[in-house]
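A short reminder: the numbers here are calculations on the coordinates, not readings from a lab. The shown structure was predicted, so the numbers you read here are calculated from the model rather than taken from an experiment. Quick reminder, even Gly has a Cβ in these numbers, built from the backbone with ideal geometry, and neighbours come from all protein chains shown.
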Amino acid sequence: MSEQRFQAITASQQRNRIDIKEETLRSELFAKNVFNEHKMVQHLTKDALESVKGAILSGSKIDRKIADQVAEAMKAWAISMGATHYTHWFQPLTGATAEKHDAFFDLLPDGKALEKFGGRQLVQQEPDASSFPSGGIRNTFEARGYTAWDPTSPAFVYDTTLCIPTIFVSYTGEALDNKAPLLRALHAMDEAATAVAKYFDKNVSKVNATLGWEQEYFLIDKALAYSRPDILMTGRTLIGRSAAKGQQLDDHYFGVIPQRAIGFMKDLEQECTKLGIPVKTRHNEVAPNQFELAPVFEEANLAVDHNLLLMDVMEKVADKHHFKVLFHEKPFAGINGSGKHNNWSLATDTGVNLLSPGSTPMKNLQFLTFFINTIKAVDTYEELLRSSIASASNDHRLGANEAPPAILSIFIGKQLSDVLDELEGVSHGKLSPEEKTELKLNVVGKIPEILLDNTDRNRTSPFAFTGNKFEMRGVGSKTNCAKPMTILNTIVARQLKEFKKEVDELIDKKNLKKDEAIFNVLREYIKKSKRIRFDGDGYSEAWEKEAKRRKLSNNKSTPKALQILTAKKSLDLFKSMKVMSETEVRARQEVELEAYILHIQIEGRIYGELVYNHVIPSTIEYQNQVIKNVLGMKEIYGAAHMTFSDGQLAIIEQIATHVAELKKKTDAMTDARRKANKLVDTHKKAVAYCENVQPYFDQIRGHCDKLEQLVDNRSWPLTKYRELLFIK
Ligand code: ADP
Ligand code: MG
């Protein structure tokens, strides 16, 4: 009998809720640990403050003297907050964050000790970066990379360390991280969107992309989670029979949050609030033990940093509350997986949300401009956008008939569809005064400030317009939002640039008025991008067929989805928008493919362990008991025992059949892995893992789950779904 499972159950049942008191108002706690503008005003000289603000607003350089001043002030503040160390905090291509702590403490030549932190340490560092994935950018003789301060994301004190958000680049200038390309994309977006926004308001001088993510996760008792080798090593259950009850009663969603979970959430939220993460919403999600947390939206770069920081804080706080957080997109078969919807919009420095309909026809034309350009961009680059959320773990959601399909489409609701249909009929060239009035009054003028039917949202749509923002729903719960945000902002920026060019041409060459030119270009965009609009059921088979007819991509696996990254169209896009060079794109593709291979490889190995070291031994142990019983029956009843042992014999045989198949499949899977490992080309290897190795997983799982059903509960070694999901 396996002890671990039962010990874990006992441990989980003895937990008490950790009570968390809210001592201050959240608004007073907010950003207490952040060196934000408010703190800078208190701690910096006027010159230094101006210089940092300039760097934040326009990306201007901060000179060394000023950097020294800023560092000195930051250090004094951080020490007053209890910090002893500092680190550059960056986002290598692993998808997570990285840090290396150095003490402020230093020795002078005369042996005296002091606390030191200067401009040099603030602005640039050289972590030993050779162990981070680089997709071949850094070959060994130039294995150096450096991190450089990103002043647009404020430094913060976490625990006892001053963390300075940085980018991570090679000495040859290529980005080795997820932040540098994002910053470049956001810059491209600012330029392109500001130029277009000026058609409507000359005072606009900056446009920020905004992001509000919704983080879904599972909370599982720590002892229970760690009792399973698969959860420990892969973050998900590779086998496990569904519990008799799952989510079919719909009793978890928005239900009363369990006591221990609420303790965790309060603690987490206070920590987040201190770190300046504006957490706002918490609720139960659809699956048992699944929850969601959402913040108030922020500028996209900051929001990305905050999401990464949040995930880190969540793990730490969960540990304190004896939980393990699962960020995996599909930790349990048969119930919902987890995503991270990315709500995205564009905001001007004049305080206008460019994707929000307004109160005048002009404001609505502005709204329609950004709205239609986004649709056009997604239509042109749908496959590229899909690639930005591809990962081995997210493959379990996309294309698995639950969360959004792998096919990208846009839901805009009936009201806006009607508006676009009408705009399609706008005359070519100059518009008559009557037509203009008609457009003003009855088409553009009729868009209500609050779009009612968008409250009736299509939950199956992967890219939905939700009243004043788009919501990208395919993003995985584990994914670094920088990836989809880089692509989305790049494609929309490119589209806006193109739009501006076309409109200006009509104004200059065809003598059209500004609004006439805009209507003319938008009309063509509406016509050209129709195939991406879909308001029906995204999960249905009919849509898959229809999407194929519309020539929309449907890449269900990561190796397939990643191919588009290096297509000429994509490389041209990244280059022309100055977001990534060809080397950088190829490196990313390589890193993502490698990650995919490793992921499947590790799962394959764990399957081997589970089958050989857990499932088969305990199954045989139980089978032996039954055999002993049958032999005993025979001893008592002689030949007549057959009438009484029917059931036992059937169980013995069923077990034997499953064990034989299980062994066969596991060995075949191991063999397929060996073959795949021999391949040198990364793409081919990833495809081999996808097509030849992974298909065994479900088959192996099928036999294991059948055995779980057959074997005595006391002999089953792995913590069961009902225990993982219903012990709260
Ligand atoms: P849901 O019903 O999908 O949970 P909410 O209205 O609660 O939607 O908003 C979800 C997320 O959208 C929140 O994180 C919120 O901050 C974000 N959001 C709202 N407006 C914007 C915006 N203009 N830009 C980006 N994100 C936004
Ligand atoms: Mg949402």
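With labels modelled as points extended 7 Å from the Cα through the Cβ direction, what inter-label distance (nm, one decimal) is found for Lys65 paired with Glu546?
The modelled label-to-label distance comes out at 6.6 nm.
Distance in nm between label sites at Ser576 and Ile636, each 7 Å beyond Cα in the beta-carbon direction?
8.4 nm
Loop-only trypsin sites (Lys or Arg not before Pro) in region 244-291, please: DSSP not H, G, I, E or B, and at most 16 other Cβ atoms within 10 Å.
Lys245
Residues with beta-carbon under 11 Å from that of Phe105, excluding Phe105: net charge, scoring Lys, Arg +1 and Asp, Glu -1?
Charge balance near Phe105 sits at -2.
Based on the Cβ-Cβ distance from Gln654 to Arg282, what FRET efficiency comes out when R0 is 45 Å, to the nearest 0.05?
Numbers: r = 45 Å, r/R0 = 1.01.
Efficiency computed from Cβ-Cβ geometry: 0.50.
Mind checking the angle between helix 259-274 and the chain's longest principal axis? C-alpha axes, 0 to 90 degrees, to the nearest 10.
It is inclined by approximately 30 degrees.
Please give me, ordered by residue number, the chymotrypsin sites (Phe, Trp or Tyr not before Pro) of region 117-220 that lie in loop per DSSP and have at most 13 other Cβ atoms within 10 Å.
Tyr171
Round to a whole angstrom and tell me the spacing of the C-alpha centers of region 203-254 and region 510-550.
The two parts, judged by their Cα centres, are 34 Å apart.
To the nearest Å, what is the center-to-center distance of region 606-632 and region 637-672, using C-alpha atoms only?
Centre-to-centre distance over Cα atoms comes out at 10 Å.
Would you mind checking the tilt of helix 582-609 against the longest principal axis of the Cα atoms of the chain, expressed as 0 to 90 degrees and rounded to 10?
So the helix axis and the longest Cα principal axis differ by about 20 degrees.
Relative to the longest principal Cα axis of the chain, at what angle does helix 64-80 sit, 0 to 90 degrees, rounded to 10?
50 degrees
With an 8 Å cut-off on Cα pairs and a minimum separation of 6 or more residues, tell me the relative contact order of the chain in percent.
Reported as a whole number, the value is 16 percent.
Give the residue list of trypsin sites (Lys or Arg not before Pro) in region 623-675 that are DSSP loop and have at most 16 other beta-carbon atoms within 10 angstrom.
On the way: sites: Lys628, Lys634, Lys663, Lys664, Lys665, Arg673, Arg674, Lys675; in loops: none.
Nothing satisfies the criteria.
Amide H neighbours of Ile410 under 5 Å, at least 5 residues apart or on other chains, H built in the peptide plane: list them.
Arg533, Phe534
Which part of region 231-264 falls in the paramagnetic zone of Ala400, meaning amide N under 11 Å from the point 7 Å along Cα-to-beta-carbon?
Correct set: 236-238.
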